[in-house]
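Bear in mind that the values in this text are calculations on the coordinates, not laboratory data. The structure displayed is predicted, hence computed values, not measured ones. Note that we place each Cβ from the backbone using ideal geometry, even for glycine, and neighbour counts take in every protein chain shown.
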Amino acid sequence: MADSSSTTSPFFDEVYRVVQNIPRGYVATYGQVAALAGSPRAARYVGFALHSNPDPSLTPCHRVVFRDGSLSPGYAFGGPERQRELLEDEGVCFKMPRTQENAGAPGWVVDFDKSAWQA
DNA sequence: TGGTTGACCACTA
DNA sequence: CTAGTGGCCAACC
């Protein structure tokens, strides 16, 4: 009941639900969220769903990062540096990749070895 | 109204 | 090992 006015498809709804289920201090990848949503190849739409971001307070996009550990280039919270602070403030560990050019953030990527979230 | 793009990942050759 | 393509859905013009 309570249709929750879900005009979006169940896939998008699952994406929001999975992202909201990410515990504080951990991060998940687009592919992981997509797989949990029911489509391991729909990672593109996970990012699109987060861009839609109907509830930024309920959908911590900053906890969703690339498979490389880098952050989204078009972050809509205030900047990649802002996202790094948010994650660090939550206890997420960061590390410096071998190639800074690979990092959307200024030379910092999430350390999946410590902060990788597992459903 | 329809067509194209878009915060990506995994698989195949 | 590297390179290239496909897939999936919604929103925008």
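Points to keep in mind about this one:
- Around A:VAL33: net Lys/Arg minus Asp/Glu count, Cβ-Cβ under 13 Å: +3
- Couplings 3J(HN,Hα) of the range A:33-45, computed from phi: 4, 4, 5, 5, 6, x, 9, x, 9, 9, 4, 4, 7 Hz, in residue order, whole Hz [Karplus 6.51 cos²θ - 1.76 cosθ + 1.60, θ = phi - 60°; x for Gly and Pro].
- Each residue, A:SER9 and A:LEU86, gets one label point 7 Å from its Cα in the Cβ direction; the gap between the two is 2.6 nm.
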